Amino acid sequence: MPLYVEKKPEVLITEDGVRTDGRKPYELRPIRMTVGILDKADGSAFIEWGGNKILAAVFGPREVHPKHLVLPDKALIRTRYNMAPFSTPERKRPGPDRRSVELSKVIREALKPAIFVENYPGSVIDIFIEVLRSDAGTRVAGVNAASLALANAGIAMRGLVAACAVGRVGDFVVCDPNHDEDMWGDADMPMAMLMESEEITLLQIDGPMTEEQFREALNLGRRSIRFLYEMQKEALKRPYQVVERSVQGGA
Amino acid sequence: MLDSEMLTHNLLREYVRDLVSNGQRIDGRGFHEFRSIEIRNGNFTKAEGEAWLKLGNTQVLVGVKADVGEPFLDTPDKGVLISNTELLPLASPTFEPGPPNENAIEVARVVDRAIRSADAVDISSLVIIEGKLVYMLFLDMYVLDYDGNLEDALTMASLIALGRAEIPEVEVKEDGEIEVKESKWKVNLKDIPINFTFVKIGGELLLDPVLEEEQVSDAAITLAIDKEGRICSIQKKHGKFTMEEIINAASIARSKWPEMAEKIKEAI
């Protein structure tokens, strides 16, 4: 039995749109990005987003093992999203479960369109995402960190992939759902974009939304993602330094 | 730890050996000197106790998670302490995803043995109802960046994480229901058993080897010293040692213990 009691808040969002952590619907949690924090990886990044703490590392382009996976005309991209046993309130058993297998796939498909895979024929680029502490929105935080790690590794890319989740709580479309909204909200929509061309590379929805709410969610998502993209560029331009910001007035 | 798949270049071997024969190491340290130790603070996990420790370029993160459950049948009067090491593929180009391999299992067991044989965590104090309900402590050791000597880094980080752990108290109601309370208790560290890893290169003993030294070493050994100065566990890894060398290693480790124990106490 875990030593943890989940407490459902009485009100998820007030009538005038104040959320359980005091944010407005369009506000992000505080975000902090650090690039190049691992010595042995070819590229690495650490993202702290709300209560999330996520490490990403990139190895490659390097030789493919096992050999039968080699793609003669382009690089193979492999992604592993993994949660630490101590990243959740209840200890998570080490190793991949069905959720992390799916997330590894959608994250790979979010990042791959940005990479010039044809530049690295016959090689592999390995992307590892380790969730050290989880607090809703780990996949989008992981995408932001992995994108930074790829750039830090010097992989040729069309641009950076930035990501953010949007959710629905009652009639409100909210940006960057927190733990409570993730647990008891009505809809959750993680998205990632290649900001150079404003193309969507990750989009999932879990929970119903009207067409109007969906449009609002897409717009709110794009606005938040642009904000993250600007942060990513700043983090990369100041290598090995910390970029820290808390958001008061919305993204 | 020596990974047989690591390509060790003869050049590196010669270079490290030449240095050692001149009384030097690749990073300029003395033979019996640890790399600098840094503890990162920052609530990095959801564990009840945690420690992110940097030993030179080696980085590890240890989390202690607690749970309640049934004790093992043969030890109804003892709680449960389970140690696990993950050699994450992001820590080294030579680590691959998958279940723990023999290296990961060995490291976890070496750390566990030091802590257990020194009785550092009083597992009898983890009993709630004898034979029925006990606290279970999971010591999850995460290797983030591998530049040699995981044993010592993980042991120090584990002791800090255990010493910092604050675990919710539970109350068993009359109907058998378990209530998790707001109040917390702290794990009482009765001892600070520290592992000291040496490699042998050209007949010399080098404390706290970096990755390159591990790769070119002739032999490796890890010894744990407790607060009484006793050796509470030993793990000889690859290669061979003379008796004098092991006795020498133990006396070096013993002389280093107070300084390292002080660092651990400070971090807790």
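A few remarks follow.
- Some residue of region A:52-70 being assigned to a loop (DSSP other than H, G, I, E, B), away from chain B (no Cβ under 14 Å) and either surrounded by 24 or more Cβ atoms within 10 Å (Cβ to Cβ) or of a type outside the set (S, T, N, Q) (or both): yes
- Every residue from region B:63-76 that is more than 10 Å from chain A (Cβ to nearest Cβ) and either in contact with a helix residue (DSSP H, G or I) (Cβ under 6 Å, 6 or more places away or on another chain) or hydrophobic (A, V, I, L, M, F, W, C) (or both): B:PHE72, B:LEU73
- Of all residues in region B:27-62 being of a type outside the set (A, V, I, L, M, F, W, C) and touching a Ser or Thr at 6+ places or on another chain (Cβ under 7 Å), the one that is farthest from the other protein chains (Cβ to nearest Cβ): B:GLY56
- Take the conditions (1) part of a loop (DSSP other than H, G, I, E, B); (2) over 15 Å from B:LEU211 (Cβ atoms); (3) out of contact with any Pro (no Cβ under 6 Å at 6 or more places or on another chain); B:PRO89 misses just one of them, which is (3).
- Filter result for the condition that a residue is more than 14 Å from chain A (Cβ to nearest Cβ), exposed (fewer than 14 other Cβ atoms within 10 Å of the Cβ) and over 19 Å from B:ASN43 (Cα atoms), over B:GLU179, B:GLU174: B:GLU174
- Residue satisfying all of: in region A:193-249; closer than 26 Å to A:GLY22 by Cα and of a type in the set (Gly, Ala, Ser); farthest from the chain's Cα centre (by Cα) among these: A:GLY249
- Among residues of region A:79-104, those that are more than 9 Å from chain B (Cβ to nearest Cβ), in contact with a strand residue (DSSP E or B) (Cβ under 8 Å, 6 or more places away or on another chain), over 20 Å from B:PHE44 (Cβ atoms) and not in a helix (DSSP H, G or I), counted: 1
- Taking region B:28-55 as the range and being surrounded by 13 or more Cβ atoms within 10 Å (Cβ to Cβ) and either β-branched (Val, Ile, Thr) or closer than 13 Å to B:LEU206 by Cβ (or both) as the test, the residues that pass are B:ARG29, B:PHE31, B:HIS32, B:GLU33, B:PHE34, B:ARG35, B:ILE37, B:ILE39, B:THR45.
Quick grid of which residues meet (1) modelled with pLDDT under 95; (2) aromatic (Phe, Trp, Tyr); (3) closer than 27 Å to B:LEU53 by Cα:
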| residue | (1), (2), (3) |
| --- | --- |
| A:LEU3 | yes, no, yes |
| A:THR20 | no, no, no |
| A:LYS24 | no, no, no |
| A:ILE31 | no, no, yes |
| A:LEU38 | no, no, yes |
| A:GLY51 | no, no, yes |
| A:ILE54 | no, no, yes |
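- Matching option when the condition is in a loop (DSSP other than H, G, I, E, B), on the phi < 0 side of the Ramachandran plot, modelled with pLDDT under 90 and of a type outside the set (Gly, Ala, Ser), among B:ASP175, B:ASP191: B:ASP175
- A:GLY51 vs. criteria under 22 Å from A:ALA162 (Cβ atoms) and touching a His at 6+ places or on another chain (Cβ under 9 Å): yes
- Just so you know, in region B:29-84 the residues that are acidic (Asp, Glu) and in a strand (DSSP E or B) include one that is farthest from B:GLU213 (Cα to Cα), and it is B:ASP67.
- Scanning region B:92-134 for residues that are assigned to a strand (DSSP E or B), more than 10 Å from chain A (Cβ to nearest Cβ) and either surrounded by fewer than 19 Cβ atoms within 10 Å (Cβ to Cβ) or over 21 Å from the mean Cα position of the chain (by Cα) (or both) turns up B:VAL127, B:ILE128, B:ILE129, B:VAL134.
- Residue check, A:ALA41 among the small types (Gly, Ala, Ser) and not in a loop (DSSP other than H, G, I, E, B): no
- Of all residues in region A:29-36, one or more are of a type in the set (Gly, Ala, Ser) and either assigned to a loop (DSSP other than H, G, I, E, B) or more than 25 Å from A:ASN119 (Cα to Cα) (or both).
The values are calculated or read from the model by the stated rules, or taken from the named source; none is laboratory data. This is a predicted model, so every value here is computed, not measured. Cβ coordinates were reconstructed from backbone atoms using ideal geometry, including for glycine residues, and neighbour counts include every protein chain displayed.
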